[in-house]
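Worksheet: one structure, shown below.
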Amino acid sequence: MTSWAAIIAVPTAITGYYGQNLPYPGFGHESGFITSAAVIVLLSALLYLTFKRKDWL
């Protein structure tokens, strides 16, 4: 259960930080959105694969 919480925490932390009226890198540009979405997907996938490999899921 903790492994899933860690995976879900990644997008929550990233979107929560930039949701505090802070302009994120690339704000107002399509590339900024794509970059932040890619970072969320990559980090979540990396955590998922790591936890799956260690048989924690």
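Here are some notes:
- Here the condition is being open to solvent by 60 Å² or more (accessible area, probe 1.4 Å), out of contact with any Ser or Thr (no Cβ under 7 Å at 6 or more places or on another chain), assigned to a helix (DSSP H, G or I) and touching a residue at least 12 places away in the same chain (Cβ under 8 Å); of Tyr17, Tyr48, it holds for Tyr48 alone.
- Here Gly26 fits the description: of a type outside the set (Phe, Trp, Tyr), more than 16 Å from the chain's Cα centre (by Cα) and open to solvent by less than 60 Å² (accessible area, probe 1.4 Å).
The values are calculated or read from the model by the stated rules, or taken from the named source; none is laboratory data. What you see is a predicted model, and the numbers here were worked out from it, not measured in a lab. Glycine also receives a Cβ, built like all others from the backbone with ideal geometry; neighbour counts cover every protein chain displayed. SASA here: full protein model, heavy atoms, side chains in, ligands and nucleic acids out. Shrake-Rupley method; radii C 1.70, N 1.55, O 1.52, S 1.80 Å.
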